[in-house]
Amino acid sequence: MKDRPGGEVYELLRTLAQRPAPFAVSTIRELWTRPHLAAQMLEHHLSQESEHSSRPIPVIENTVEWLDRQLDLAGKRVIDLGCGPGLYARRMAQRGARVTAVDFSAHSIDYALTRDTRNVDYLVADYLEDELPSGFDIAVLIYCDYCAMSPASRQRLLGRIHDLLEPGGHFVLDLNGPGAFDAVDDHVEIQERLMGGFFAPGDYVGIHKTDVYEDEWLSLDRFLVIEPTATWQLFNWAQYYAPESAAAELAEGGFMIEAMTGGLDGAPLQPDSAVIGVIAGKAED
C-alpha cells in the first residue's frame, strides 16, 4: 500500500488526541438543532428503550408525583426549562400547574404542540439568551441539563432564574452525582455508523472519545463524525457534584437547599448516588 499525504487527517486526529481545556468548545445547540440530530433526539426522548435523551415514562410520572407532594403544583406558575417534547410539562399541567415550557429545539416543540396543550404555553427560545416571561413560583431544569453548561453559563442561568421567580419561589433540578463520576472512564471507540446511524442518515465513521478531568469532577464526550463529504464534531461536557459542592454553587447563585435526594423521585441520597435531586428556595435579596 502506497503512502498517502497525511495533511488534514493528521491534524484532525492530532487535535482529537489532545484534551481541550474545560468547556473550551461547546456544541450544545448543535445537538438539538442540526436537523438529523434533532429528529434522533426526539426519537430517543420518546423511546422507552433508551435513556439517551430522557427517562422512561414511569420515572417521569414518579418525578412529577413527588414534586406535586413537595410543592403542591395546583395553581402554581411553573417554567420548564429545556422542556423537550413536553413530557414533564404536560404532566405538571395535568396536576393543575400553569406551565410555560421553553426549549430551543423547534423540532421538539412542534411535537409537543401535537399533544395535550391545556395549561401549557410552549416557547421556542434559548433560556440563557432570549427574553423570558417572569413571575413564576417554580422553575424546573431536569435531566441534568445544568451539568452540560460551563461555570460562567451556570452562574448566568442561576441569576436569570432568580429574576424569573417570585419571592418564596423554588428551583428544581437534578445533577450528576458521585456515583456517576465514579462510573465514567477514559474511553475511545471507532465504528461505522456509530450508535446505529444516530449522527447522519448516510454512511459515516464515528469516533467517540471520553476524557475524564479528575481534579475538576468533569468529563467530556467528544464525537468526531466523518462523512464522505463532511467532517464535524460534537463536544458534550458533564459536570459532577458532591452534595457540598452543589449546595455551595447554588448558594452563590442566590438559592438555599430545601431538599436534596438521590433523584427527583424522593429516593434517599446516598454517598454513591448517580443523581442528586435538588429543591432550592430563592434567597431573599
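No other residue among Glu258, Glu249, Glu244 is within 10 Å of Leu175 (Cβ to Cβ) and acidic (Asp, Glu) apart from Glu249. When segment 197-223 is filtered for residues that are under 20 Å from the mean Cα position of the chain (by Cα), surrounded by fewer than 16 Cβ atoms within 10 Å (Cβ to Cβ) and over 16 Å from Pro151 (Cα atoms), only Asp221 remains.
Mind checking whether some residue in segment 56-75 is closer than 30 Å to Leu164 by Cα, touching a helix residue (DSSP H, G or I) at 6+ places or on another chain (Cβ under 9 Å) and either of a type in the set (Phe, Trp, Tyr) or modelled with pLDDT under 85 (or both)? The answer is no, given that none of the residues of segment 56-75 is closer than 30 Å to Leu164 by Cα, touching a helix residue (DSSP H, G or I) at 6+ places or on another chain (Cβ under 9 Å) and either of a type in the set (Phe, Trp, Tyr) or modelled with pLDDT under 85 (or both).
Here Leu81, Leu37, Leu42, Leu113 are screened, and the one residue that is in the same structural domain as Val172 (by TED's automatic domain parsing) and surrounded by 18 or more Cβ atoms within 10 Å (Cβ to Cβ) is Leu81.
Output the number of residues of segment 1-28 satisfying the condition of being part of a loop (DSSP other than H, G, I, E, B), modelled with pLDDT under 90 and either of a type in the set (Lys, Arg) or within 33 Å of the chain's Cα centre (by Cα) (or both).
Matching residues across segment 1-28 total 4.
Residues in segment 224-279 that are buried (at least 17 other Cβ atoms within 10 Å of the Cβ) and among the acidic types (Asp, Glu): Glu249, Asp265.
For segment 245-265, give me each residue that is of a type outside the set (Asp, Glu), farther than 19 Å from Pro178 by Cβ and either in a loop (DSSP other than H, G, I, E, B) or out of contact with any His (no Cβ under 9 Å at 6 or more places or on another chain) (or both).
Hits for segment 245-265 are Ala251, Gly253, Gly254, Met256.
Contact annotation: residue pairs with Cβ atoms under 8 Å, 6 or more positions apart or on different chains, pairing a residue in segment 136-154 that is over 8 Å from Leu173 (Cβ atoms) with a partner that is among the charged types (D, E, K, R) and at pLDDT below 95, are Tyr143/Arg55.
Residues in segment 69-98 that are within 19 Å of the chain's Cα centre (by Cα) and part of a strand (DSSP E or B): 4 in all.
The values are calculated or read from the model by the stated rules, or taken from the named source; none is laboratory data. Note that this is a predicted model, so its numbers are computed, not measured. Neighbour counts are summed over all protein chains in view; Cβ atoms, including those assigned to glycine, are modelled from backbone coordinates with ideal geometry.
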